[in-house]
Amino acid sequence: MAASRKPLISGNWKMHMNHFEAIQIVQTLSYQLDENDYGACDVSIHPPFTDLRSVQTVLESDRIPVLLGAQHCHFEEKGAFTGEVSPGMLEKLNVKYVIVGHSERREVFGEEDEMINAKVKAVLKHSMTPILCVGETIEEREADKAQEKIQSQIQNGLKGIGKERISSMVIAYEPIWAIGTGMTATPADAQEMCAFARGCVKDVAGNAAGDTIRIQYGGSVKPVNAAELLTQEDIDGALVGGASLDAENFSRIVKYRLH
Ligand code: 13P
């Protein structure tokens, strides 16, 4: 991680934790993290929609400096979109980060680059920060097509967005074969791909935006491998799935610099 970019450690809870469990884990996490941790890293948690209001209330009433995140949203302001949640609704809950284009949304729910680009724009319009997810399948990696995939996801995801706004965003490089499998990319591989992703941002938005944007690694990040991944030059944080469901494990990842 370059000194000028503050790392962002994000917990993506996926479809886990009801709102009672959510309150409990946030309180446990708050006992384990201290000012030094929040000074060294930004920390966000991304609970399911049904938990957001409860988690917001705990974070604000107990003054816990963990930032609230969402896992996705629609791109329209409102309308007849049964089951969807708008960026304006999230903004009202003081949500700061919204994951956009997670591989599970792309693969299971058929989200494509054009829709993801519309969501990135909608999130930015509501003064929240998109975490744009990109990553290749194992087949693409084996066919030497990983970089091609990342490049097209970044180019399409950032289409029509100004350089300033791009520089404030977060990209999460999550190789699909490493998600939930326990197969982490090696630190060298993760570094190479995050550096490549940064180069793609530079091609789209210039060197300044590429140097400023934060690029997270995601895919089986655990307390044991967090330090070796997060100390790589172009890795500015982690998007953590399974290990973020346990306050102890997640706080150990946030404290990676102490390992
Ligand atoms: P795991 O950490 O469980 O592999 O999940 C990664 C992920 O998909 C985070 O968005």
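The values are calculated or read from the model by the stated rules, or taken from the named source; none is laboratory data. Here the structure is a predicted model, which means the values were calculated and not measured. As a convention, Cβ positions derive from the backbone with ideal geometry for all residues, glycine included, and neighbour counts pool all protein chains shown.
Given the structure, is I138 under 23 Å from W177 (Cα atoms) and under 13 Å from the mean Cα position of the chain (by Cα)? Talk me through it step by step, then tell me what you get.
Numbers: under 23 Å from W177 (Cα atoms): yes; under 13 Å from the mean Cα position of the chain (by Cα): no.
No.
Within the bounds of the stretch 94-108, is there any residue that is under 20 Å from L52 (Cβ atoms), part of a helix (DSSP H, G or I) and either free of Cβ contacts under 8 Å to residues at least 60 places away in the same chain or within 16 Å of the ligand (Cβ to nearest atom) (or both)?
yes
Are any residues in the stretch 1-27 surrounded by 14 or more Cβ atoms within 10 Å (Cβ to Cβ), modelled with pLDDT of 95 or more, out of contact with any His (no Cβ under 8 Å at 6 or more places or on another chain) and not in a helix (DSSP H, G or I), and if so, which ones?
Answer for the stretch 1-27, where residues must be surrounded by 14 or more Cβ atoms within 10 Å (Cβ to Cβ), modelled with pLDDT of 95 or more, out of contact with any His (no Cβ under 8 Å at 6 or more places or on another chain) and not in a helix (DSSP H, G or I): R5, P7, L8, I9, K14, H16, M17.
Looking at the stretch 175-188, I want the residues that are over 20 Å from E233 (Cβ atoms) and assigned to a helix (DSSP H, G or I) and have a partner that is more than 10 Å from the ligand (Cβ to nearest atom) and not β-branched (V, I, T) with Cβ atoms under 7 Å, at least 6 apart or on another chain. Which pairs are those?
I176/E136; W177/R141
Which residues, counting only those in the stretch 212-227, are more than 20 Å from G135 (Cα to Cα) and not hydroxyl-bearing (S, T, Y)?
Across the stretch 212-227, the qualifying residues are P223, V224, A227.
Would you please name the residue that is surrounded by the most Cβ atoms within 10 Å (Cβ to Cβ), looking only at residues in the stretch 212-225 that are away from the ligand (no atom under 11 Å from the Cβ) and among the hydrophobic types (A, V, I, L, M, F, W, C)?
So the first thing to find is which residues in the stretch 212-225 are away from the ligand (no atom under 11 Å from the Cβ), and the list is 212-215, 223-224.
Filter once more, so that each one left must be among the hydrophobic types (A, V, I, L, M, F, W, C): 213, 215, 224.
Details: I213: 22, I215: 27, V224: 13.
Filtering the stretch 212-225 for residues that are away from the ligand (no atom under 11 Å from the Cβ) and among the hydrophobic types (A, V, I, L, M, F, W, C), the one surrounded by the most Cβ atoms within 10 Å (Cβ to Cβ) comes out as I215.
Please indicate, with yes or no, whether at least one residue in the stretch 37-51 is within 16 Å of the ligand (Cβ to nearest atom), under 18 Å from the mean Cα position of the chain (by Cα), surrounded by 19 or more Cβ atoms within 10 Å (Cβ to Cβ) and β-branched (V, I, T).
Checked the stretch 37-51: at least one residue is within 16 Å of the ligand (Cβ to nearest atom), under 18 Å from the mean Cα position of the chain (by Cα), surrounded by 19 or more Cβ atoms within 10 Å (Cβ to Cβ) and β-branched (V, I, T).
Is it true that S30 is outside any helix (DSSP H, G or I), within 14 Å of F250 (Cβ to Cβ) and hydroxyl-bearing (S, T, Y)?
Here the answer is no, as S30 does not meet what is asked.
Could you list all residues from the stretch 229-249 that are within 12 Å of the ligand (Cβ to nearest atom) and surrounded by fewer than 24 Cβ atoms within 10 Å (Cβ to Cβ)?
The answer is G241, G242, A243, L245, D246, N249.
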